[in-house]
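S.K.: Below is the structure I would like to discuss, written out as structure tokens.
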Amino acid sequence: MDKSQLALLTDEEYMLVLETTDKAMSDLGEDQVADLHRLIRRARNQCSGKYRRRAAQRAGSRGKASKKYQRARDRAEVFEDALARVSHRLSVLAKENAAALRAERQAGAKAGASKAKDKAARSKKR
């Protein structure tokens, strides 16, 4: 995160972006990171939408107005970078949870199979 770009944000936006650091997200669970992802995506869409509308309205196209609306574009870029960090963390957590669930199901299946073998062995003895 570039400090000059962070200076463009409001206090509320700045606090939201700070929540996307690796240190801040390390204690969050998958559901909490998913909520943060939703908030960051909403902020990114809002900033980029404002930039596009203003640039297109005044200049007729975004390419012509890119220098004039550099600040708005930088704000949208800050949220784009934050969204990338949160998306990566969310994918890591989802993979970890999927692996844990898979291991749990396999352990349950093995336990169920051994119970079935024990039950079959008991019925043969009778």
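The values are calculated or read from the model by the stated rules, or taken from the named source; none is laboratory data. Being a predicted model, the structure only gives us computed values, none of them experimental. FYI the Cβ positions are ideal-geometry reconstructions off the backbone, even for glycines, and counts take in every protein chain you see. Note: areas computed on protein heavy atoms with side chains; ligands, DNA, RNA excluded. Shrake-Rupley method; radii C 1.70, N 1.55, O 1.52, S 1.80 Å.
S.K.: Please give the number of the condition VAL78 fails out of (1) farther than 24 Å from THR20 by Cβ; (2) surrounded by 11 or more Cβ atoms within 10 Å (Cβ to Cβ); (3) modelled with pLDDT of 80 or more; (4) hydrophobic (A, V, I, L, M, F, W, C).
M.R.: (1)
Residues are listed down the side, and each one gets a yes or a no for (1) modelled with pLDDT under 80; (2) outside any helix (DSSP H, G or I); (3) on the phi > 0 side of the Ramachandran plot; (4) open to solvent by 100 Å² or more (accessible area, probe 1.4 Å):
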| position | (1), (2), (3), (4) |
| --- | --- |
| SER48 | no, no, no, no |
| ARG54 | yes, no, no, yes |
| LYS67 | yes, yes, no, yes |
| LEU83 | no, no, no, no |
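S.K.: Residue check, ALA99 against (1) out of contact with any helix residue (DSSP H, G or I) (no Cβ under 6 Å at 6 or more places or on another chain); (2) touching a residue at least 40 places away in the same chain (Cβ under 8 Å), all met but one. Which one?
M.R.: So the condition that ALA99 fails would be (2).
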